[in-house]
Every structure is written in C-alpha cells, then in structure tokens.
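Each value in this text was obtained by applying a stated rule to the coordinates, not by laboratory testing. Just so you know, these numbers come straight off a predicted model, no measurement behind them. Cβ sites come from the backbone with ideal geometry, for glycine too, and all protein chains shown count toward neighbours.
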Amino acid sequence: MPDAIVVENLGKRFRRYHADRPTTLKEAVLRGLRRMTPVEYFWALHEVSFRIAPGRMVGVVGPNGAGKSTLLRLLGGVGRPDEGQVTVPGRIGALLDLGVGFHPDLTGRENVFINGVIAGLTRREVTRRFDSIVDFAELEDFIDQPMRTYSTGMQMRLGFSVAVHTDPDILLIDEILAVGDLAFQHKCLERIEQFRAEGCTIVLVSHDASAIKRLCDEALWLRHGRLVAYGPADVVARQYAEEMSAETRRRTPATQPIVRTSTGEELRINENRFGSLEMEIIAVRLLNPAGLPVTELNSGDPLQVEIEYTASNSIPEPIFGVTISQEDGQICYDTSTDLDGHRLPTVHGPGQITFHIERLDLIGGQYYVDVGVYEREWAYAYDYHWHVYPLIVRSTGGKKGILRPPHRWEMDGATTRGPIAERRTLR
Amino acid sequence: MTSPTALLQRKQLTYLRDLLRELVVREMKLRYKRSVLGIVWSLLNPLFQMLVFIFLSRRVLSLDIPNYPSFVFTGVLAWNWFQSTVVATTSAITANRELVRRPGFPMAILPVVTVTTNLIHFLLALPIPLVFLLAGSGRLTSAILVLPLVIALQFALILGLGYLVTTVNVTFRDTQHILAVCFMLLFYMTPVFYDASLVPSRFQIVYHLNPMFHLITAYRAILIRGDLPDFCPLLPLAVLIGVLLWAGYAVFQRASYRFVEEL
C-alpha cells in the first residue's frame, strides 16, 4: 500500500525583512527601492524527511517556533517548499487555524456552505450533510446567527464539524483541540478514533507530549526546524518530555539558599522548586471569592490562585501555568495562559496574576496547587513550585475517582438531591 | 467511455463552478448585509451620474449629441464596471486572508469572483439603456446578439488587469490609492460623457490606444444605434486582451506562493 504522506528532504525558508521595509509604493519609490530585499533568511524547516503509512495517527511535538505549524501547512499545500517535496495524494481535511475561512458577518449556515464547498464538497453534498454538521457541532439554535456572535469554542466546534464531514483521507489538526469544553473534546477524539478505524491518516500538532503519547501511534519531534526523532509515540514523547525537564534542571541554580515565600512556605531548590529563577514566583495565595486565604474548601466552591512574581530583567511573554494534583502526583487539572490563548506582555519588576476557577468539582481529599512560570516557548521553567501549596477539598460521599460534579438521580420523575443540596442541608 | 483524467477534470470543473457560485453569493451578501436599499444602490449611482451629465451637457457645455441620456448612461455604466472592479480587485487577495490560508484553495478564483460580482451589477443596470432606447427613437436589432461578446471582452480586460494589481497590492498596500488617481485621469481621457469626434485629430491616436474607448464605442453602436460594432479595432483588441489576461494570470501564479507568507 502506498504511503499516505511522503516528505522528502523538506525545507522552508522564511525571509526576514528590514523592520522598516516599505509597505507602500510611495515609500518604496521615495527610498529608491532600497530595503526591499530581505536582510536575512532562516530555515523554518530544514532537511526533514519521513513517510506516514495510511491509517496511522502521528503527533508532532516540539516547542513553539520549532516549525510544527509550518510543517502542517506545507502538508496541507499552503505555501511552497523551498527544498525537497511533499506528496499527499489523498483529500485533505484540515484544521489549521481556528475558524479559518469563516466570515464574521455571515451566519453559521452561510459559512458552513462556503466552507464545505471550499473543502471540496459539491453544493448538493453540503445540503445533504448540513443537518449532520450542525448536529455534531451542537449549534442548532445559533446556526442562523452571524458568526461574530459565536464564542471561539463554538467556532472551533463548527470548524471541526465541517472538516470531519468532508470525507478526508488525511486530517491535519493544529493544537485546536485544546479549545472548547471537555465534553466536546471527548466527542472530537471519539470521532478521530472512528476516522482512524476507517483508514484515515491523521497528523496532530501539540506541544503537550502527554496528549501525543496517549493518542498517537507515532510521534515526530522537531527542534529548530529539524527532525530530532520519529518513532513510536510513547518513546519519542517521553524523550521530548525528558529533554524539557532536563533543560529546566540544568538551568536551576544549585547554590540558592532555602527561602521562604511571603506566606511562609519553605522553598528548597531541586526538591520542590525548579527553574532558572530569571523570574521568580514570590508568593502564591489560595483565596475564596471574598478574597480571604483558604486551605480547605467544599467541592464545587470557586477558587482564586493569586500569584505574585518579580522579574529582575525584562522577560518577554512568559507563560503562567496552574496544575492541581494529588499527593501521589496524579494531575487532576492543568492549564496555562498559553493553553488558554493569552499572550502576556513583556514583564519587568514585580507584578501579580490571578487565576480564577469557577467551580472546583473535585472529590474530597488532599491536593496541591502547583504553579509555574515558563519561557515563552515552553523551552524551560523560570520558576516552578511543586507540592508547595496544599489544598484540602471536602465533599460528602464518594471515595473513588477524581471528579465530584453536580449531579442528581431521577426515578419515575421523582428527584433525589445531589451533593449541592446535600451540602446546603449540612450547613 | 470517459477516461479517468477526463472524469477528474470534470470533477475539478464542478468544484470550481460551485466555488465561484458560493463566493459570488458570499460577496453579494456581504455587500448588502446592512444596507436597506440593497441592490438599488448599484442602480442609483449611475443614474445620478447621468443626471449630472445631462445637466452639464444642456446648460454648461452645450454638447449636441443625439439620444444623450442613453449615450451617457451606456458610457457611465461600462466605465463604472471597469473602474470600480479594477479598484475592488486590488484587495481580492489581501482582504481574503482567511481563504488564501485554506489548504488547497485555488487563489486564482478570487479576482474572478470580484469581476463576476461586479458583472452582475452591470447586467442588472443594463435594461435601463434598453428602456431609453425603446422609449426613444431607437430600435432593437439583432446586433444585440453581439453584446455578450463585447461584455466578455471587457470581462477579460478587467480580469487581466485585476490579476496584476492584486499581485502588486500584496507587497504595496497603497496600490488602490495610486489607481484611483490614474483612473481619474483616464476617465477624462475616455469619451464617457462627450463624443470622441470632438477631439482634435492629432490627439485621436491617444484615444485609439485606450481599450475602454473601443469598448464603449461598441456598446453605443449596439445599444443606441442598433448597429453592429466596428470589428476592425475590436479584433486586434481581443488579441491584446488575450495576451494581457495570459500575462496577468502567469504573474499572479508565479507570485501566489508568496501570498501566504506576506499576508
């Protein structure tokens, strides 16, 4: 069986122009056509070769700027390689940018038609599949509203739904499964599984090595536009994760004395604190909505994590992350400013950032809130506090599992109350 | 029996046809989404221009041209299609970033979409000179059958120019403003509201180099006098327009790989 994707010695070179390269003809003529030529070239991808067999699911890992998205674009035929070649014989379904191809002033319905046709369906085919597309995206009530009224999650749902309804032989997905709620993510993954069973080849880009390990057959690791490793997903993803943490350990200064945060926790380098300390987290406070410090809360309560930091030099676009984990290290929840699509400005000097979570529906037990601040491409941690800030969650009933979301039972129309009401009666 | 390649080509044609239709409808919808008068706007504009020129010709310039209303309306209509479309095509690529970045999207269709959308406006206004014609002394002859050919010529002329200007505009975003100045000059040098016979003979050569002069003359022959247009200038013009369209398309295709990076 021929390969679904063949990439041979692929190279993509980007031009970097002078910062004040003229963008208008008037300026260009006034300057005598100077500064029109690029000042330098850099390879976003270089000497990359691999083959993907049909029906495989391949994850691409690497820090931001390693060329992951460029690779995916070239696979999709957007832009032309400067070296080597890409051969993708099948029909491509792609989710490269969020909501790409959607026009904000048109309704969801109009956008579905245009996008279906662009993706290669005939009008008749779109008409036939329309209900199924809208149904999958769960947007029946909004489909005749203009696109600009949609949240990013809704746009992503519609984009994914259109892409999976175009019978792709190859599906290219860039990071965007991170958007949208958990239930929909789950649905997407199920659909992807189904595609894979039907022989569809899938290429998924992520900088989250654990997701790649979980989902993919093979992984492809890029660093500075070059292929570092291509092999079984668990092996490559583990190597990649190890390199990232090794980078953090290497940069952690060894002779830092034991310090205490302003809230009194002891921070010991390489035990519960890691990072280069170019930027430091100096205090972390767990607060209830009234702004009072808490160490214990009820399952389903809101929580604020206030992070005070200081940067002695200016740090461009740092990433803050918050993880809630159990004592044995099992991660219950993990997010970051990058994952949520926020690009922070350059920071210098002291500052504060607060993370709000509306409901913490965890089962009762002992947890830790781990916080970190990372280099803008996730290359290493500036400062990461691990199992420093304890949090006790109280809940009634339920000993197994992780989650304790609001719920109820129904039997013959009669309703018995779940934990929310239960707690109310307990108070 | 159809060969596999023929089948593939037919599929590709169906795809392009569907795509063109969807994108033209999209552009029409976007243009009239928030305007109450909608499509009427595209009729009002040339009508008002016509009224101004009628006033000028009667009260200021005293031009003596028979059937002046339909004379000037035909000119204004053809000219507006030309000018507004070439100007609109400049942003065909830069304004459709989200489409250009779609995998496998045939970018060359975008200028065609703009020209087709404006062709529809042109066709919608076309009955008006016909009404003038029938209400006046004119007569409708079989010469009208040549009209689609003249329209096709103008379509190809606009598209050829469109490919060039939209390519330039990706690098130089002020192309539109520069074009506006050029078009203003060109407008007065094209006999839209006056007759070319008034032009001194030593300047006639300049007029004959202007493709819009020949096209407008052909429209007037068909729509006002009911005559066949003079094919003598139209045939070489058709060849030139063919070359322009081919060259414009070639330049566009060569540059199109760069578009994704520069947007």
Roughly how many debye, to the nearest 20, is the charge dipole of chain B about its Cα centre, given +1 on each Lys and Arg Cβ, -1 on each Asp and Glu Cβ, and no other charges?
580
Distance (nanometres) between label positions extended 7 Å along Cα→Cβ at A:Asp328 and B:Leu30
5.5
For segment B:155-161, Karplus-derived ³J(HN,Hα) couplings (6.51, -1.76, 1.60; θ = phi - 60°; whole Hz; x for glycine and proline) come out as 4, 5, 4, 5, 5, x, 5
The protein assembly as shown: translational diffusion in µm²/s, Stokes-Einstein, Kirkwood Rh over Cα pairs, 20 °C, 1.002 mPa s
71
Checking the cross-link filter: which aspartates and glutamates have an alpha carbon closer than 18 Å to that of B:Lys11, excluding same-chain neighbours under 8 positions apart?
A:Glu125, A:Asp167, A:Asp169, B:Glu22
So, relative contact order of chain A in percent, Cα under 8 Å, 6 or more apart, is 14
Taking the Cα centre as origin and putting +1 on Lys and Arg beta-carbons and -1 on Asp and Glu beta-carbons, what dipole magnitude results for segment A:9-164, to the nearest 20 debye?
800
Out of A:Cys188, A:Cys216, A:Cys332, any idea which swings most in a Gaussian network model of chain A, alpha carbons joined below 10 Å?
A:Cys332
Under-5 Å amide H pairs with A:Arg273, H placed in peptide plane, nonlocal only
A:Arg268, A:Trp386
Using alpha-carbon pairs under 8 Å, 6+ residues apart, how would you state the relative contact order of chain B in percent?
27
Across segment B:185-199, in residue order, what do the Karplus-derived ³J(HN,Hα) couplings come to in whole Hz, using 6.51 cos²θ - 1.76 cosθ + 1.60 with θ = phi - 60° and x for Gly and Pro?
4, 5, 4, 6, 8, 10, x, 7, 10, 10, 9, 5, 5, 6, 7
Check A:Tyr380: other-chain or 5+ apart residues with amide H under 5 Å from its amide H, H built from backbone geometry?
A:Glu375
Taking the beta-carbon count within 10 Å as an exposure proxy, list A:Val347, B:Val192, B:Val260 from fewest neighbours to most.
B:Val260, A:Val347, B:Val192
Which residue, A:Leu297, A:Pro350, B:Leu51, has the largest displacement toward the positive end of the dipole of the protein assembly as shown when charges sit on each Cβ (Lys, Arg +1; Asp, Glu -1)?
B:Leu51
Under a straight-distance cross-link criterion of Cα-Cα below 17 Å, which aspartates and glutamates are reachable from A:Lys26, leaving out those fewer than 8 residues away in the same chain?
B:Asp174
Convex hull around the C-alpha positions of segment B:153-263: the volume in Å³ per residue is 116
Neighbour-count ranking [beta-carbon atoms within 10 angstrom, fewest first] of A:Asp20, A:Asp217
A:Asp20, A:Asp217
For segment A:133-147, just list the computed ³J(HN,Hα) in residue order, Karplus coefficients 6.51, -1.76 and 1.60, θ = phi - 60°, integers in Hz, with x standing in for Gly and Pro.
4, 5, 5, 5, 6, 6, 10, 3, 7, 10, 5, 9, 8, x, 4
With charges only on Cβ, +1 for K and R and -1 for D and E, what is the dipole size of segment A:263-368 about its Cα centre, in debye, rounded to 20?
200
In chain A, with Lys and Arg counted as +1 and Asp and Glu as -1 at Cβ, which of these residues, A:Leu171, A:Leu30, A:Leu220, has the Cα nearest the positive end of the dipole, that is, farthest along it?
A:Leu30
